[in-house]
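What follows is a single structure, written as structure tokens, with notes after it.
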Amino acid sequence: MLSLIVLATAAILLAGPPLAADPLPSWNATASKAAVIDFVEGVTDPSAESFVPAADRIAVFDNDGTLWAEQPVYFQALYALDVLRDKAAADPSILTSDVLKAAAEGDMEGMMAEGVDGLVEIFDVSHAGITVEDFRADAHAWLTTTEHPTSGLTYAEMLYQPMLELLRYLRDEDFTTWIVSGGGIDFVRAIAEEAYGIPPAQVVGSQGDTSYAVVDGTPTLIKDGGVGFVDDEAGKPVGIIRHIGQRPILAFGNSDGDFAMLEWTTAGDGPRLGLLLHHDDAEREFAYDRASHIGRLDRGLDEAEARGWVVVSMQNDWRRVWSE
């Protein structure tokens, strides 16, 4: 019996330590995955020159098109359309412009004719005059019960499994993960913790005007509409410094709207990592980049290599797309 124990022990010693579990099992074994893991291992190794203290391990992620899907149009815009149609059915007089009328009729081309100004007009009608708490509850209910028009999944299920794994991996390595979204901050906060494990306090987003009032003896915050801050393009670094207070060391986006966030993040001293998700998988998700009306990725594709950013191919780098 003793000899068997000795032999078994020797076999274990010769085999070496057990292999660590793959932190990104839904990623293929490509250069993109290796770049992520090499970066994380480098900044978390106390003996390495690239070591970064845990307090400075801040990672920021765009939401639409980076953590969840964004086609055929941003999910918040689809939510706003549903709310607008319900309000218009009860009171048609709210449809005071061509954009609002087109939106109520489901005319996407007419709705987008005025660009961002048109979307703001729709959001003003659909998002205003409601408490912050009621808005978040309504947005959460919509996200978790309404189906996406092509996938059959609810919008809350349109999450990218490889990104969920990356968020967990980073947090396991003492990173703090933040969402920095062009979407409305209250809309994203309605689902962020449940979907991504990111608490509301770690969400940065666009903001309308909000006011405080005591209504029937109850202190209340009311969404008033308007545009107080747009957390997109050059607004993203501004939003980061306002909410986080320091430069991240990792930034992940998918469009030119994230360019400034990656540019500012990777311009800092020490180890930095910028990543862009390229939607090039029409079979499993959608294929779009330079000419897209949503999530346009043009300059980022042109300059990523020279800037040392990693372009993650959904088709080649991801073994699977959707969350479990």
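Some notes on this structure:
- Screening V99, V125 for residues that are in contact (Cβ under 8 Å) with a residue 40 or more places away in the chain and over 17 Å from the mean Cα position of the chain (by Cα) leaves exactly one candidate, V125.
- Just so you know, in region 293-324 the residues that are under 23 Å from M112 (Cβ atoms) and at pLDDT below 95 include one that is farthest from the chain's Cα centre (by Cα), and it is H293.
- All of (1) modelled with pLDDT under 95; (2) farther than 27 Å from D289 by Cα hold for L81 with one exception: (2).
- Taking the listed residues G106, G65, the one that is outside the structural domain of S181 (by TED's automatic domain parsing) and on the phi > 0 side of the Ramachandran plot is G106, with no other qualifying.
- Qualifying positions in region 150-186 - of a type in the set (D, E, K, R) and at negative phi: E157, E165, R168, R171, D172, E173, D186
- Within region 102-122, being among the charged types (D, E, K, R) and within 25 Å of the chain's Cα centre (by Cα) holds for D117, E121.
- D117 loosely packed, with under 15 Cβ neighbours inside 10 Å and either touching a residue at least 60 places away in the same chain (Cβ under 8 Å) or of a type in the set (D, E, K, R) (or both): yes
- Selection count where residues are part of a helix (DSSP H, G or I) and either in contact with a Gly (Cβ under 6 Å, 6 or more places away or on another chain) or of a type outside the set (A, V, I, L, M, F, W, C) (or both), scope region 262-313: 10
- Within region 123-150, if we keep just the residues that are in a loop (DSSP other than H, G, I, E, B) and touching a strand residue (DSSP E or B) at 6+ places or on another chain (Cβ under 8 Å), the residue that is nearest to P72 (Cα to Cα) turns out to be H148.
- Residue in region 76-96 that is β-branched (V, I, T), assigned to a helix (DSSP H, G or I) and closer than 23 Å to H279 by Cβ present: no
The values are calculated or read from the model by the stated rules, or taken from the named source; none is laboratory data. Computed from a predicted structure; not experimentally measured. Neighbour counts are summed over all protein chains in view; Cβ atoms, including those assigned to glycine, are modelled from backbone coordinates with ideal geometry.
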